[in-house]
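What follows is a single structure, written as structure tokens, with notes after it.
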Amino acid sequence: MTKKTIAIVGAGLAGLSCAVRLTELGHHVELFEKSRGPAGRMSTKRNEGWAADHGAQYFTARDPMFIEQVKKWVADQTVALWTPEIKVYEANQWSTFQSQDLRYVGTPAMNTPAKQLAKGLVLHASQTIDALSRKDGQWFLHSAEAGNIAKGFDELILAIPGPQALTLAQHLDPHIQTITGQSNMKGCWTLMARFQDRPEVSFEAAFVNQEIISWVARNSSKPQRTGQESWTIQANPLWSQEFIELSKEEVTERMLACAKTLGLDCTEAEIVVHRWRYASGSTTATLGFYSNPALHLGMCGDWLNGGRVEGAWLSGYHLASQFA
């Protein structure tokens, strides 16, 4: 097998999974990530004295390969089970959530598994790739921060949300427009609330139906969390997408009013707002990953594989295995 040099744009879980597998296969891989570090939507926001997971809240494992990966993380103490008291709110009524699913979280933060995967990889952080070109059979990248990246790559993998991949590469591969058009990615407004004392509510996490809010969780209930009491409140995808350009002040006002109807009064809490422009994709996506051997171009991500943490990891792993 010919060993290749491969550039991966995006260091979320799909990109990291892909990079680890490619490295195991003997290829040279370099990741380019616009944020300051890896993890993508498996992220943790830190403020003075407190922190909150503000992207993926937990994950489950159903596929045998991903189950094995989770077992490794548990053994390495980068992942642990989370067993909160979960309730459901619908039509002004509360009920207990019934589920046999095992829920896992990163420890001591949601981004810990991503950081563990990134160890030993070549990761260029704070590099926003905004242009691509092919010359003499190689891929060349342009960074908004650093300009042209001199090194060329044999293969290119886009491990970023579908709409971003479309903007970056549709002029090079027209099939991308069709594929990303099916991703149906929506945004998510997320609030993080820091309290002096634990709020007096009867749940540690809640699914909320037919309201502005769709999810509420006591971050402090997750294993190995330290610091002051913190909660994460996420708006439902349809509402988030409709009001994705709303001001943070207006979003905060509307979401906190909804939270108050649930019994979670954040009047005295410190609030931090985050907008995920691309947060959730189609849960019915079954393509898994995309590969164009003629162009030496691939794409992976949860939006291609069911929209979950597990789907992201599997998408990257299976794409990388095409290079075996």
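Brief remarks on what is shown
Table: residues versus (1) over 30 Å from Ala7 (Cβ atoms); (2) over 20 Å from the mean Cα position of the chain (by Cα).
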{"site": "Thr78", "(1), (2)": "no, no"}
{"site": "Ser95", "(1), (2)": "yes, yes"}
{"site": "Ala114", "(1), (2)": "no, no"}
{"site": "His124", "(1), (2)": "no, no"}
{"site": "Thr128", "(1), (2)": "no, no"}
{"site": "Ala131", "(1), (2)": "no, yes"}
{"site": "Gly181", "(1), (2)": "no, no"}
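- Some residue of the range 194-203 being surrounded by 20 or more Cβ atoms within 10 Å (Cβ to Cβ), at pLDDT 95 or above and either closer than 28 Å to Ser315 by Cα or not basic (Lys, Arg) (or both): yes
- Candidates Thr23, Thr83, filtered to the one that is over 23 Å from Gln164 (Cα atoms), in contact with a strand residue (DSSP E or B) (Cβ under 8 Å, 6 or more places away or on another chain) and surrounded by fewer than 22 Cβ atoms within 10 Å (Cβ to Cβ): Thr23
- Where a residue in the range 159-179 is free of Cβ contacts under 8 Å to residues at least 40 places away in the same chain and its partner, wherever it lies, is aliphatic (A, V, I, L, M), with Cβ under 9 Å and at least six apart: Leu166/Ile176; Leu166/Ile179; Gln170/Ile176; His171/Leu132; Gln177/Leu166
- For the range 86-126, taking the residues that are farther than 30 Å from Lys34 by Cβ and among the β-branched types (Val, Ile, Thr), the one that is surrounded by the most Cβ atoms within 10 Å (Cβ to Cβ) is identified as Ile86.
- Of the strands (runs of 3 or more DSSP E) lying entirely inside the range 209-324, the ones with 3 or more residues being in contact (Cβ under 8 Å) with a residue 40 or more places away in the chain and either over 20 Å from Met110 (Cβ atoms) or in contact with a helix residue (DSSP H, G or I) (Cβ under 8 Å, 6 or more places away or on another chain) (or both) are found at 229-235, 270-280, 297-299.
- Screening Cys300 with (1) more than 26 Å from Thr60 (Cα to Cα); (2) touching a His at 6+ places or on another chain (Cβ under 9 Å); (3) among the hydrophobic types (A, V, I, L, M, F, W, C) gives one miss only, at (1).
- Restricting the range 270-303 to residues that are exposed (fewer than 15 other Cβ atoms within 10 Å of the Cβ) and not aliphatic (A, V, I, L, M) leaves a set whose member that is nearest to the chain's Cα centre (by Cα) is Thr283.
The values are calculated or read from the model by the stated rules, or taken from the named source; none is laboratory data. It should be emphasised that the depicted structure is a prediction, and the values quoted were computed from it without experimental measurement. Neighbour counts run over all protein chains shown; Cβ positions are idealised from the backbone, glycine included.
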